[in-house]
1. Report whether or not B:K304 is within 9 Å of another protein chain (Cβ to nearest Cβ) and surrounded by fewer than 17 Cβ atoms within 10 Å (Cβ to Cβ).
2. Given (1) within 23 Å of B:A337 (Cα to Cα); (2) hydrophobic (A, V, I, L, M, F, W, C); (3) not in a helix (DSSP H, G or I), identify the lone condition not met by B:L476.
3. If a residue has to be in contact (Cβ under 8 Å) with a residue 40 or more places away in the chain and either assigned to a loop (DSSP other than H, G, I, E, B) or farther than 22 Å from B:H113 by Cα (or both) to count, how many in segment B:360-377 make the cut?
4. Looking for something in a strand (DSSP E or B) and within 16 Å of the ligand (Cβ to nearest atom) - is there at least one such residue anywhere in segment B:408-422?
5. Return yes when B:N470 is at pLDDT 95 or above, surrounded by fewer than 16 Cβ atoms within 10 Å (Cβ to Cβ) and in the same structural domain as B:I330 (by TED's automatic domain parsing) and no when it is not.
6. Mind checking which pairs have a first residue in segment B:407-426 that is polar (S, T, N, Q) and a second that is not in a helix (DSSP H, G or I), Cβ under 8 Å, 6 or more apart or different chains?
7. Scanning segment B:108-155 for residues that are basic (K, R) and more than 13 Å from the ligand (Cβ to nearest atom), which turns out nearest to the chain's Cα centre (by Cα)?
8. All but one of (1) at pLDDT 50 or above; (2) more than 16 Å from B:L509 (Cβ to Cβ); (3) not in a loop (DSSP other than H, G, I, E, B) hold for B:L11; state the number of the condition that does not hold.
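The values are calculated or read from the model by the stated rules, or taken from the named source; none is laboratory data. What you are looking at is a predicted structure, and each value in this text was computed from that prediction instead of being measured. With ideal geometry, Cβ positions are generated from the backbone for all residues, glycine too; neighbour counts draw on all protein chains shown.
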Amino acid sequence: MPGKLTRLQWMLVLVGVLGTASALAKDPVVPSDELVFCTVCHGVQLMGNPIIRAPRLSGLSSWYVEKQLHAFQDGWRGVHEADLVGMEMQPMAAALTDEQIKLAAQFVAATDSPMPERTLAGDPSAGQALYATCSACHGNQAQGNEALGSPALAGLNDWYLREQLEKFMSGARGSHPADTTGQQMRAAMQVLGDETAIDDVVAYIATLGH
Amino acid sequence: MNKNLTRRQLLSMVGAAGGATAVYNTSLALGLMSDAGAPARLDLQHVPKGGARIIVLGAGIAGLTVAYELERVGYDVQIIEASKRVGGRNLTVRHGDVIDEMGHQQVCRFDDHPEMYFNAGPARIPGHHRRVMHYCKSLNVPLQVKANFSRPAYTHDTENFAGKPVRVQQYVADARGFLSELLYKAIDQNRFDEPLSADDRERLMHFASTFGDLQPDGSYKGSLRGGYDEGGFLSPAVQRAPLEFRALLNSSWWERGMLSAENPDWAAPLMEVVGGMDNIVKAFVRELKTRVILNAQVQDIRLKSDGVDVVYNHNGKRRKLSADYCFNSIPSHFMPAIPNNLPPDYQAGLAAMVPGNFFKIGLQMKKRFWEDEGIYGGATSTNQKINTIWYPSHGIHGEKGVLLGAYAFFGQCKFFERMNPAERLQFAADCGDKIHKNYSSYIEAGVSVPWGRMNHMMGCGTTWSEEVRNEYFALLQQPAGGRHYMIGDQISYHSSWQEGAFASAEYALLDFNRRVRADATRQGVR
Ligand SMILES: Cc1cc2nc3c(=O)[nH]c(=O)nc-3n(C[C@H](O)[C@H](O)[C@H](O)COP(=O)(O)OP(=O)(O)OC[C@H]3O[C@@H](n4cnc5c(N)ncnc54)[C@H](O)[C@@H]3O)c2cc1C
């Protein structure tokens, strides 16, 4: 788990958000009543809330969101005993109908919010070299590749990226026999030997998509 | 010199023994200081109609208090509330109510009957919470006594006393008895560093023997304070045999709960609102001219030099309100995910606050079986994860009753949150069966309220660390830019108590009033 942010880090994060708040490409979306609760955890326009550990979702493609909501619902994700944060999301998806999942995915794709600021240390130039393998699936700007089932990574919070990579590493995510894309991603983790490698690649991804 | 101690001498002795807190408490007891909790006379400046505009964010106790007080002196107040109901954490659940848990909405299936209610949030009010008392009195909200610590109720420990419930009275009497016996013997053997005079020794031994109800030889052999095994009315009372000393020592209740009523917030007698805690909320709503705007989640807060703009969603549209002042009770943990331009250190403070958490289960029982065991209100305590069974103080001798079937705190709550509502009720039923015979067979309906998963809430108050408190508390009490006040029990030393919410509102109002008066003076408007 990433440590708590120091006061200075917080100030930097928050100042960063303020600086970019006005320059968004899309108009704010007003969610339908049944989807307001997504914003209670993920924040206004799904901008992410580090206290709740709910990541920024704006910028994710609808196909990926739909797939993940089903993954939560079907118990591929957010049920592993070590995945305590995933367990916070799992019941939220479990309660949705297929129709609501479609609407939720559209909602996510329609939102925009400031790009998250860096909160973690890590060496982006070391990370760039490591990212070469990742780019085969996730794209050189971490923009994602639907044909390969690989999501965009640019625009996700760095703390969230790190947590996911740790989960793929430990098997808390991507272990379910039916979760083929999750298993592919787990296999790709072999490139990242240790925590430092994870921090570095995350630091590099955080520079993309701005 | 006078043989009697002066008050000052007494205080310095107390100080040497117990530090500043003891001096403070003793001073209060002697009437030398006024209680910090006494409601300040607000004496707010009246303003002409159509004067300054006020926006209140969140319609919990703190928001309602600010709205009520400012409306009374002429301000134009709007209250923006994200959820579909007024009251925030002040929640009483009755027949047909929806429990807005994210992921697991529940509908309450209690009987449609005035006594069948469950205080899912606040349930007890101690008399020294002067602000709560002030508003209950002035808004005509009737109170009644609520039993909390109860001697006929049980303490239960799966690992001790063969897993059988033990009456609180017996546990307490025996704990004192054993302790007193030790004390008695220590005195007898003169085991003190300081020499005791023969008089002192005799007095202390007498104290120990009275405290623990000891035998003339200083041994403890049980006490009628622990309750009768039989008799006592038409035949001689037979006292219960004392618990086994080692079992008592190994058991956990002396640590978990035996001393809970020593805490002033839980000290008997406590009060509750007749008919349900939310009658406080209803009283405010009755008094308010403005209608709370429900289903209105705040999206953006912009501080300007002369006021505050707030954007919120309502009926499928984004709407903007401009006001001269804003009073914000939104839980701090949501603020980092609501765009705003509050000063960076202010935002950093909000982000550093850590939310607390509570979990409760309410069960409608078809029979008030606990009354057959001589229990009328109060709480049984267990080392099982439900912690507490709390019997209703209202509706005595009625047919049915709603009791509290689980009450978990902070880190304990996740265990329940991760279950679905049916699993939670089953778990609570199984725990109850270990304490009361046929407990589960009496359950007719149940609700579980995990505050960490409740919509627009996700927790209860703030657990301030000393460090964060020192760095940010005073800052957050001040209005950002002189225009935006943070309020709520989160901005108090009594988080998770309504008194904290009232106190925060009062603090903000008094500060606001000083500023308004100073401005008026500056502008020469008297
Ligand atoms: C289980 C439990 C037991 C308790 N026991 C006691 C007790 O015995 N005695 C006692 O005195 N107190 C008790 N309390 C504490 C008491 O309930 C609180 O201190 C008090 O109700 C807090 O009031 P508040 O106005 O500060 O906050 P809240 O009631 O939390 O009000 C905040 C409001 O803001 C709203 N909001 C959130 N997000 C937004 C948004 N984006 N836009 C607009 N509005 C928003 C919320 O919906 C809510 O209505 C208990 C609480 C709980 C949960």
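1. No: the conditions fail for B:K304.
2. With (1) within 23 Å of B:A337 (Cα to Cα); (2) hydrophobic (A, V, I, L, M, F, W, C); (3) not in a helix (DSSP H, G or I) applied to B:L476, the lone miss is (3).
3. Adding up the residues that qualify gives 7.
4. yes
5. yes
6. B:Q412/B:F359; B:Q412/B:K385; B:Q412/B:N387; B:N420/B:H104
7. Selected residue: B:K137.
8. Checking B:L11 against (1) at pLDDT 50 or above; (2) more than 16 Å from B:L509 (Cβ to Cβ); (3) not in a loop (DSSP other than H, G, I, E, B), the one that fails is (1).
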